[in-house]
Amino acid sequence: MTKRIITSIFLIILLALTFYYSYILIISLIIISIISLIEFHELISKIFIKKTFKSNFLKLSIKATSLIYLTIFSFIIFDGIIQNDFKLTMIYLFSICVCSDIGGLIFGKMFKGKKLTKISPKKTISGSIGSFILSLAIVPIFYYILGYKFNNLFDLILLAIVVSFSCQLGDLFISYLKRKAKVKDTGDLLPGHGGILDRIDGILFAVPVGVMLNQFLITI
């Protein structure tokens, strides 16, 4: 747990710096994208180990799709953060993801209870509820900051729920791949967390969804 906390503090500091320094953002995006892509490709290679035409075709298709998706994801992050008018919204989306992870971890350990799914034995229903609760807890803070951009409080609540849900889906998706590949983590680069992909799995799903929903909400 100590290693996990120290690593989390480092990652939060790095994330904060990317919002103020474009060169740190660019370098971080390149490094994170490359490492995540490598980790993802290793997972896929362990899943599709049979050397058949169908297996090779699926493996190549998934790897190509992941490359395209990570490129689009990096562009969305970069474009969002460098826009001063959108920067606070990006901070809100990232904050939801962080709170969703923390809420799931804390509530899951405190209340335990019934498992959420067989895909990931460590995920519990109480943890999932905790993810939503802690994500919603920051809504009043950001309503004070971002209220001028949204029609009402419900928009921020909806964003928190949808982004938290997407974050949990991303986590479960990578957990499913790890289960199929028969590995515990996608890597060992981050002490207490595993690989880069272990840390950003929810963000990969949630932030693009949050950006699209945000654009829809501010235009209606």
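The values are calculated or read from the model by the stated rules, or taken from the named source; none is laboratory data. None of these values were measured; they are calculated from a predicted model. Neighbour counts run over all protein chains shown; Cβ positions are idealised from the backbone, glycine included.
Residue count for segment 108-135 under the criterion of being free of Cβ contacts under 8 Å to residues at least 40 places away in the same chain, in a helix (DSSP H, G or I) and over 26 Å from L14 (Cβ atoms): the result is 7.
Restricted to segment 1-59, and to residues there that are at pLDDT below 85 and basic (K, R), the residue that is surrounded by the most Cβ atoms within 10 Å (Cβ to Cβ) is R4.
For K112, are the conditions met, namely being crowded, with 22+ Cβ neighbours inside 10 Å and out of contact with any His (no Cβ under 7 Å at 6 or more places or on another chain)? Lay out the reasoning, then the answer.
Details: crowded, with 22+ Cβ neighbours inside 10 Å: no; out of contact with any His (no Cβ under 7 Å at 6 or more places or on another chain): yes.
Here the answer is no, as K112 does not meet what is asked.
If you take the residues of segment 127-138 that are of a type outside the set (S, T, N, Q) and surrounded by 19 or more Cβ atoms within 10 Å (Cβ to Cβ), which of them is nearest to D171 (Cα to Cα)? Can you show your working first?
From segment 127-138, those of a type outside the set (S, T, N, Q) are 127, 129-130, 132-134, 136-138; that's our starting set.
Still in the running and surrounded by 19 or more Cβ atoms within 10 Å (Cβ to Cβ): 127, 130, 132, 134.
Details: G127: 13, G130: 15, F132: 14, L134: 17 Å.
The residue in question is G127.
When you go through (1) at pLDDT 85 or above; (2) touching a helix residue (DSSP H, G or I) at 6+ places or on another chain (Cβ under 8 Å); (3) surrounded by 14 or more Cβ atoms within 10 Å (Cβ to Cβ); (4) among the hydrophobic types (A, V, I, L, M, F, W, C) one by one for I72, which number turns out not to apply? Result: I72 fails condition (3) only.
Given the structure, is G202 of a type outside the set (D, E, K, R), free of Cβ contacts under 8 Å to residues at least 24 places away in the same chain and either within 17 Å of L37 (Cα to Cα) or in contact with a Leu (Cβ under 7 Å, 6 or more places away or on another chain) (or both)? In short, no.
What do you reckon, is L93 under 26 Å from L153 (Cβ atoms), touching a Leu at 6+ places or on another chain (Cβ under 8 Å) and modelled with pLDDT under 90? Criteria not met by L93.
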